[in-house]
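First comes the structure, then the notes that go with it.
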Amino acid sequence: MCLAIPAKVTEIVGVDAMVDILGNVRPTKLSLVDDVSVGDYVLIHAGYAIQKLEAQDALETLALFEEMGAALNEDTLA
Amino acid sequence: MKTRSPDEFLQTIHTLAVKIGRRVRLMEVCGTHTTAIARAGLRSTLPESIELVSGPGCPVCVTAQREIERMLLLARRSNVIICTFGDMIRVPGVDSSLEQERSRGADIRVVYSPDDAMHIAEEKTEKEIVFLAVGFETTAPGIAATVLEAVEKKIKNFSLFVSHKLITPAMEAVLHGGASIDGFITPGHVSVVLGSNEFTPLAEKFTIPCVATGFEPSDVLEGIAMLLEAIAEKRCGSFIQYVRAVKPDGNPRAREILFRVYEITDAEWRGLGIIPQSGLRLKKEFSSLDAIERFSLPQIPPVELSDCLCGDVLKGNIHPNECPLFGQACTPRTPVGPCMVSSEGACAARYKYGG
């Protein structure tokens, strides 16, 4: 239940953002993080960004995900 | 990219196990770790002297039975729509579950985010929408932010059944309960919010190491190697393996929003009983969003499921397969207790992946 996944911010309107999670675009809230811009990576948990990530760190986690062959499903996102 | 592979971490672990020369018990207190460890079959790769034991880290599993019964009472109200994260709906009550209530006509919806629940409230103004606010410090800030937005939007038909838990008091309760633990694999995403500094007082009080650890197999193995290194060198403290996301101070903004809405209170845990200052409740100014008050839900006397040893599993006293019901009367298809229901429960993970 404490799963969280890196995502790239593609659009921001106030605290509402669209993010790209492994190719899937989803709405996300940015209320819990400061200074996020389009193109930044954030860590998403249950529809909220809980941390801003350095691109290199986000990409490393995503690479580890892919190594595991983790399929993207609701479980992974929740 | 990491410069060290899982095999290299394993080599370090085996070397350190020999150096330490005694049995070492490490506890993970996060359901996501429980699943990650079982899925990757990590137990079988470790030296025999290194034991990984699951603690009270699965939010659904630690929810007290009488809280489950109260959720069921709520689900039976005709004007209520219950919104919940997925795992909760199959948790058995004494004579029902949310899933069974749904098959009898109750409106129970699985949501991905508390924000989704709030949107349902905006659409279904003729209904009362109750979100089951379950989860640790990772989840509570987002729910708090949803509460603030619901208040701002003056959404009147939205409320929360709050059953949040705080992980640090539970870790302390496990140690006070006498479980022999040499180190904690600290929850990675709880640590994103709280910061690794949160665990320093506990580490110093009990002179054990804590390592905030990520969730991929190489993360977990590196976390274990760091714990063993600290144990070998007799160092205690709170350290970070999951440097990609965890900072010593965590996410102060998330904590600020969390504590704008919630305050700390005593909470009842399955298996661990009432732990002082280990839960959250809505602050007085948000009490109109408290489903327990809104629906005058009665107090329920303590209930335990007969023969179910989830409580002992959650305290780290036994491994899932030491419960006589495990794999016999209790399977993921016919779960007796929540540790077999939740995909993150220690029993479900052990049943599915073995080890």
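When B:V134 is tested against (1) facing chain A (nearest Cβ under 10 Å); (2) out of contact with any Ser or Thr (no Cβ under 9 Å at 6 or more places or on another chain); (3) in a strand (DSSP E or B), just one condition goes unmet, and that condition is (2).
Residues that are among the β-branched types (V, I, T) and at pLDDT below 95 were ranked within the stretch B:277-330; the one that is surrounded by the most Cβ atoms within 10 Å (Cβ to Cβ) is B:V313. The residue pairs whose first member lies in the stretch A:25-39 and is more than 7 Å from chain B (Cβ to nearest Cβ), whose second member is of a type outside the set (A, V, I, L, M, F, W, C) and surrounded by 15 or more Cβ atoms within 10 Å (Cβ to Cβ), and whose beta carbons are closer than 6 Å, counting only pairs six or more residues apart or on different chains, are A:V36/A:K52. Suppose the filter is under 18 Å from B:K315 (Cα atoms) and outside the structural domain of B:V91 (by TED's automatic domain parsing); does B:G21 pass it? Judged against the criteria, B:G21 is not a match. Examine the stretch B:240-259 for a residue that is surrounded by 16 or more Cβ atoms within 10 Å (Cβ to Cβ) and away from every other protein chain (no Cβ under 14 Å), and state whether such a residue exists. No, the stretch B:240-259 contains no residue that is surrounded by 16 or more Cβ atoms within 10 Å (Cβ to Cβ) and away from every other protein chain (no Cβ under 14 Å).
Test B:L42 against the stated conditions and say whether it is touching a residue at least 60 places away in the same chain (Cβ under 8 Å), more than 18 Å from B:T139 (Cβ to Cβ) and not charged (D, E, K, R).
Working: touching a residue at least 60 places away in the same chain (Cβ under 8 Å): yes; more than 18 Å from B:T139 (Cβ to Cβ): yes; not charged (D, E, K, R): yes.
Spelling it out, B:L42 is indeed touching a residue at least 60 places away in the same chain (Cβ under 8 Å), more than 18 Å from B:T139 (Cβ to Cβ) and not charged (D, E, K, R).
Of all residues in the stretch B:217-239, those satisfying the criterion of being acidic (D, E) and surrounded by fewer than 23 Cβ atoms within 10 Å (Cβ to Cβ) are B:E229, B:E233. Out of B:I108, B:I89, B:I82, one residue alone is farther than 28 Å from B:P169 by Cβ, buried (at least 18 other Cβ atoms within 10 Å of the Cβ), touching a strand residue (DSSP E or B) at 6+ places or on another chain (Cβ under 8 Å) and not assigned by TED's automatic domain parsing to the domain that holds B:A329. It is B:I108.
The values are calculated or read from the model by the stated rules, or taken from the named source; none is laboratory data. As the structure is a computational prediction, the values presented were derived from the model and not from experiment. Please note: Cβ atoms are built from the backbone with ideal geometry, for glycine as well, and neighbour counts cover all protein chains shown.
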